[in-house]
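Working notes for the structure below.
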Amino acid sequence: MRVPLSWLSDYVDIDFAPEALAERLTLLGMEVQKIERWGGDWEQVVVGELLAVEPHPRADRLSLTRVTVGSGEPLEIVCGATNIEPGQRVPVALPGAVLPGDRRIERTEKMGVVSNGMLCSGEELRLTADGEGILILAPDAPLGTPLVDLLGDWVLDIDVKPNRGDALSMVGLAREVGAISGAPIRFPDTDPPEQDPATADHLAVEVKDPDLCSRFVGRRVDGVRIAPSPDRVQGRLLAAGMRPVSNVVDASNYVMLELGKPIHTFDAAAIQPGDDRRSTIIVRRAKAGERLETLDHVDRELDPDTLVIADARGPIGIAGVMGGAETEIGPGTTSVVIESAIFDPVSIRRTGQRYGLRSEASLRFEKGQEHRLAALGADRTARLIADWAGGSVARGRVDTAPAEPAPASVGFRPQRVNRLLGTDLPPARQRDLLDRVGIETREEPAGTRIVVSAGTQPLSVDVREPSLVAVVPSWRRDLEIEADIAEEVARVAGYETIDSVTPDTPMPDYRWSPLSLRDAVRETLAGAGLTEVVTHALVSPEHVEAFRFRTAVGSVGGDAGPVPGVVRVTNPLSREHSILRQGLIGSLVEIASSNVRRGREAVAMFEVGNGYGRDGDRTVEWWRLGIALAGPAEPPSWNRERRRHDLDDAKGIVELLGRRLAMPAPAYRAEAGEPLLHPGRSARIAAGDVLAGIVGELHPAVAAAHDLEGIGLIVAELAIAGLSAGRLPDVRAEVPPRFPAVERDIAVVVAETVAAADVEDSIRRHGGALLRSVVLFDIYRGAPLADGEKSLAYRLTFQSPERTLIDDEIDTAMSSLSRGLARDVGGRPRT
């Protein structure tokens with residue numbers, strides 16, 4: 001923001017040289033990027049007085065003037081302006097002078113008469129937008145004074161940070177200067193001189209989208225006369241980077257730079273009256289097919305998400321961005337409607353991006369507006385229009401939300417502030433620093449609960465020591481949490497005054513990595529020959545539906561687990577990446593399909609990743625391990641045939657992981673109701689409360705849909721406790737057994753429908769305390785077994801840490817488990 005210091009001094013006394021002020025503002029967080037001497041390019045331009053103005057002897061449209069600059073002989077200068085007369089004091093460019101734009105003035109002959117310099121207009125000096133006549137100076141302007149000393153100014157170019165929208169104004173920056181010097185702030189007079197009738201008799205406002213326009217204030221001024229603004233006003237606007245237009249338009253721009261409140265003015269006669277003959281303004285979203293010619297004279301088709309200012313006929317402006325050409329202030333305007341509104345920052349930002357329109361007004365709206373500025377801005381604009389353009393200000397305002405919100409409060413602990421900053425500022429000093437930027441504070445006794453976050457998610461804490469509460473000024477939208485108050489203390493105290501202190505928080509001797517378990521899973525699977533893949537978490541709606549498990553994979557170890565709702569991206573780059581996936585199987589199937597299409601049938605891969613879902617208003621994510629196997633597990637050679645991956649390979653990988661992570665032995669249950677998997681080749685997996693999942697061959701229909709016919713793709717998705725952030729179990733060394741183990745084999749005949757896991761469970765329960773391991777090593781079907789029967793052969797290991805076992809002990813255990821098998825699963829020993 002460009003800040004002329006002469007303008008800034010209207011609101012606060014400035015006792016610093018420009019360079020010193022720039023340095024102090026920069027240290028305060030308002031970085032001054034450039035210091036410019038406004039008028040520094042007026043070389044040899046001085047104040048002169050017209051002694052005589054006579055017609056040029058050889059040109060009807062020129063005048064021959066005699067000018068004194070206070071010393072030396074009067075100068076004869078030829079001039080074409082018509083607004084000059086003897087006695088006026090004007091800027092005189094002497095021979096050798098340089099004007100803005102590197103325009104050089106020399107002694108020249110004009111129609112046979114030598115002209116010794118030039119009388120300057122405001123436009124030639126870039127002091128006003130008026131190029132028709134000579135700039136007339138004050139009658140008491142000292143003769144011979146360099147114009148830069150009389151009308152020049154210092155301009156600071158300040159980089160206002162995005163969170164400080166309040167500082168995009170002269171008043172806002174005056175507060176910053178006041179924080180440096182302690183000088184009081186002078187707020188400009190805003191109350192306009194009012195006359196009957198009331199504004200409400202001529203103007204009606206209807207806000208149909210209060211979520212996008214929280215407040216709209218309207219005023220009306222009648223009997224105005226459109227003309228250039230005062231020269232002083234034009235000079236200030238030009239120095240601040242704004243182009244003067246007319247007294248009414250300049251009034252709105254002046255208020256925007258002065259208070260930071262964007263204002264728009266309409267020609268009241270161009271606003272369509274309503275049924276009650278009042279000018280009616282409607283704030284609403286655009287309708288499909290509506291168009292508007294904006295002030296830049298571009299005809300635009302309006303998007304239905306665009307907030308517009310409309311009358312009974314249609315849109316007359318894009319809210320917060322640009323007005324319409326039809327209601328533009330022009331030379332014939334006599335009545336003005338003033339709009340001062342508060343718009344939603346996100347809506348304005350999106351609208352500006354949508355149409356490629358960014359303006360000084362939209363820049364301020366995007367950063368949020370102080371609620372009370374709506375009324376103050378309307379009043380100040382009406383006052384300036386009355387001063388500069390005449391006319392009468394209608395009594396009162398039309399205000400859609402006149403109630404001012406209560407100020408926010410943020411609690412803070414002085415000790416906490418000192419700890420964050422590395423300072424030792426007493427509470428009284430902290431309160432004094434905050435008071436310099438308009439933040440009032442009050443004390444809270446020890447043992448109370450204070451709110452240390454006033455944002456969308458309030459947070460309160462119990463405090464044992466006395467604390468303070470900061471009452472946030474209405475213009476400081478950036479102060480929401482305790483740390484913001486600490487930063488404000490540091491900023492006003494001066495960052496340069498705070499010593500550099502190395503944090504002395506003692507660090508622990510050792511901290512386990514929260515990724516150790518996840519890394520162990522990766523290392524184990526990579527060591528087993530699997531390749532890790534990383535797939536995109538954003539997928540298409542069809543992907544989600546195609547690979548949705550009918551039943552949940554399972555939740556373990558505090559894992560949130562899957563939820564039914566999906567998380568959709570608000571602004572996706574494409575439909576193929578519009579929803580967050582819920583599982584990993586689909587991504588692995590797509591990779592396998594891509595490999596097969598490229599002639600690579602052998603696939604052994606895994607992925608550690610997230611699934612996502614929505615449970616009402618709550619978004620949930622969970623960690624999963626996905627595994628996919630296809631093609632030959634062992635390639636053919638001269639001494640063996642090719643062996644394809646099967647379900648046992650996947651089970652073996654799961655059991656390998658279980659041993660690496662010290663988990664209980666996994667149990668398997670047949671899973672016949674999952675549409676994604678082959679009905680006879682899938683199982684549920686569980687290992688205590690630390691592992692749950694599903695494993696099986698991909699359903700033939702699903703495989704065919706992804707060009708995987710005949711591949712026999714084996715997939716698994718597992719929930720493992722600690723996969724998100726867990727540590728490996730401690731390694732415990734065991735003393736090797738001193739006494740030998742005894743092995744016995746048993747073959748159990750059971751019905752075909754009995755699961756091997758149930759048989760193993762029965763053996764373990766009835767085998768006694770000496771049973772150490774149970775391993776299935778053979779399954780037999782056929783004669784002499786009956787149809788519908790199968791034989792399961794297990795190798796049992798018995799061992800005692802205290803003695804060598806004898807046959808009687810083993811025989812007793814075998815008899816016990818045989819009886820248990822008969823009762824539990826209807827099993828009988830195979831002889």
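Of Asp153, Asp140, Asp149, Asp196, all but one fail to be surrounded by 14 or more Cβ atoms within 10 Å (Cβ to Cβ), at pLDDT below 95 and of a type in the set (Asp, Glu); the exception is Asp153.
Checked against the criterion of being touching a residue at least 12 places away in the same chain (Cβ under 8 Å), in a helix (DSSP H, G or I) and surrounded by 14 or more Cβ atoms within 10 Å (Cβ to Cβ), region 658-670 contains one or more residues that satisfy it.
Condition check: in a strand (DSSP E or B) and either out of contact with any helix residue (DSSP H, G or I) (no Cβ under 6 Å at 6 or more places or on another chain) or at pLDDT below 95 (or both). Does Ser773 satisfy that? Here the answer is yes, as Ser773 does meet what is asked. Elements of the type strands (runs of 3 or more DSSP E) sitting completely within region 22-129 and holding at least 1 residues that are of a type in the set (Phe, Trp, Tyr): these cover 31-38.
Scanning region 407-419 for residues that are without any contact (Cβ under 8 Å) to a residue 40 or more places away in the chain and open to solvent by 90 Å² or more (accessible area, probe 1.4 Å) yields one hit, Arg419. Residues of region 582-612 that are free of Cβ contacts under 8 Å to residues at least 60 places away in the same chain, outside any helix (DSSP H, G or I) and open to solvent by 10 Å² or more (accessible area, probe 1.4 Å): Gln582, Arg598, Gly599, Arg600, Ala602. If only residues of region 163-193 that are buried (at least 20 other Cβ atoms within 10 Å of the Cβ) and among the β-branched types (Val, Ile, Thr) are counted, the one that is farthest from Asp344 (Cα to Cα) is Ile180. Tallying residues that are under 37 Å from the mean Cα position of the chain (by Cα), open to solvent by 50 Å² or more (accessible area, probe 1.4 Å) and free of Cβ contacts under 8 Å to residues at least 40 places away in the same chain within region 1-19 yields 1.
Kindly indicate the residue of region 305-314 that is within 30 Å of the chain's Cα centre (by Cα) and not hydrophobic (A, V, I, L, M, F, W, C) and also farthest from Val249 (Cα to Cα) among those meeting that condition. Selected residue: Asp305.
With the structure loaded, tell me whether Ile136 is touching a strand residue (DSSP E or B) at 6+ places or on another chain (Cβ under 6 Å) and among the β-branched types (Val, Ile, Thr) or whether it fails that test. So that I can check it myself, show each step before the final result.
Working: touching a strand residue (DSSP E or B) at 6+ places or on another chain (Cβ under 6 Å): no; among the β-branched types (Val, Ile, Thr): yes.
Here the answer is no, as Ile136 does not meet what is asked.
For the condition closer than 22 Å to Leu691 by Cβ, open to solvent by 30 Å² or more (accessible area, probe 1.4 Å), hydrophobic (A, V, I, L, M, F, W, C) and at pLDDT 95 or above, Ala552 does not qualify.
Tallying residues that are among the polar types (S, T, N, Q), in a loop (DSSP other than H, G, I, E, B) and more than 21 Å from Gly39 (Cα to Cα) within region 223-265 yields 1.
Just checking, how many residues over region 278-304 are over 31 Å from the mean Cα position of the chain (by Cα), surrounded by fewer than 21 Cβ atoms within 10 Å (Cβ to Cβ) and part of a strand (DSSP E or B)? The total comes to 3. Going by the structure shown, is Ser474 part of a strand (DSSP E or B) and modelled with pLDDT under 95? Answer is no for this residue.
Within region 641-652, is there a residue that is within 43 Å of the chain's Cα centre (by Cα), of a type outside the set (Ser, Thr, Tyr) and surrounded by 20 or more Cβ atoms within 10 Å (Cβ to Cβ)? No; the residues of region 641-652 include none that is within 43 Å of the chain's Cα centre (by Cα), of a type outside the set (Ser, Thr, Tyr) and surrounded by 20 or more Cβ atoms within 10 Å (Cβ to Cβ). Of all residues in region 239-277, count the ones that are surrounded by 18 or more Cβ atoms within 10 Å (Cβ to Cβ) and touching a strand residue (DSSP E or B) at 6+ places or on another chain (Cβ under 6 Å). The qualifying residues number 10.
Quick grid of which residues meet (1) open to solvent by less than 60 Å² (accessible area, probe 1.4 Å); (2) touching a helix residue (DSSP H, G or I) at 6+ places or on another chain (Cβ under 8 Å); (3) free of Cβ contacts under 8 Å to residues at least 40 places away in the same chain:
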{"site": "Ile485", "(1), (2), (3)": "yes, yes, no"}
{"site": "Ala490", "(1), (2), (3)": "yes, yes, no"}
{"site": "Met507", "(1), (2), (3)": "no, no, yes"}
{"site": "Gly527", "(1), (2), (3)": "no, no, yes"}
{"site": "Glu532", "(1), (2), (3)": "no, yes, no"}
{"site": "Leu538", "(1), (2), (3)": "yes, yes, no"}
{"site": "Pro562", "(1), (2), (3)": "yes, no, no"}
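The values are calculated or read from the model by the stated rules, or taken from the named source; none is laboratory data. Keep in mind that this is a model prediction, so the values were computed, not measured. Quick reminder, even Gly has a Cβ in these numbers, built from the backbone with ideal geometry, and neighbours come from all protein chains shown. Just so you know, the surface numbers come from the protein's heavy atoms only, side chains and all, with ligands and any DNA or RNA stripped out. Shrake-Rupley method; radii C 1.70, N 1.55, O 1.52, S 1.80 Å.
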